[in-house]
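Here is the structure we will look at, set down as structure tokens.
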Amino acid sequence: MRMTISGLPKHFDKFDLQRLFNPYGWVDYTKILIDPLSGLSRGKGIVEMKRDEDAKKAMAALQGKALGPNPLNIKEAKERGPRPL
């Protein structure tokens, strides 16, 4: 299951994100979204976990947890179709 996370501290990197989710199950992929103009973190990320039940446990445990000034908001990512040209 792929999830989007907002409310991350600006200093978080993809390894911090992986360490945050690892206690709940196997993490396949992490990414921190970076602002292309400033090169700084947007405070958002993506996590993909191997098993849906592990992802749901992580979502339940981490939803609303404050790691910085803002609480975490975790949602299941929607599958996007092809983009129009």
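The values are calculated or read from the model by the stated rules, or taken from the named source; none is laboratory data. On a predicted model such as this, the values are computed, not experimentally measured, just so you know. Cβ atoms come from the backbone with ideal geometry, glycine included; neighbour counts cover every protein chain shown. Just so you know, the surface numbers come from the protein's heavy atoms only, side chains and all, with ligands and any DNA or RNA stripped out. Shrake-Rupley method; radii C 1.70, N 1.55, O 1.52, S 1.80 Å.
Measuring nothing but how far apart in sequence close Cα pairs (under 8 Å, 6+ apart) lie, relative to its length, the chain scores a relative contact order of 39 percent.
What are the aspartates and glutamates whose alpha-carbon lies under 20 Å from the alpha-carbon of Lys44, with same-chain residues fewer than 8 places away excluded? Hits, sequence-local ones excluded: Asp13, Asp16, Asp28, Asp35, Glu76, Glu79.
The local environment of Phe12, defined by Cβ-Cβ distances under 15 Å, has a net charge of +4 under the rule Lys, Arg +1 and Asp, Glu -1. Using the 1.4 Å probe convention, the accessible area of the chain works out to 69 Å² per residue with neighbouring protein chains retained. Working from the alpha-carbon coordinates of the chain, get Rg over Rh, Rh being the Kirkwood radius. My calculation of the ratio gives 0.98. Please report the carbon-and-sulfur percent of the accessible area for the range 1-47; probe 1.4 Å, protein heavy atoms only, DNA, RNA and ligands left out. For the range 1-47, the apolar C and S fraction of the accessible surface comes to 57 percent. Derived scalar couplings between HN and Hα for the range 16-21 equal 4, 5, 5, 5, 5, 8 Hz in order, rounded to whole Hz, by the Karplus curve 6.51 cos²θ - 1.76 cosθ + 1.60 (θ = phi - 60°), x for Gly and Pro.
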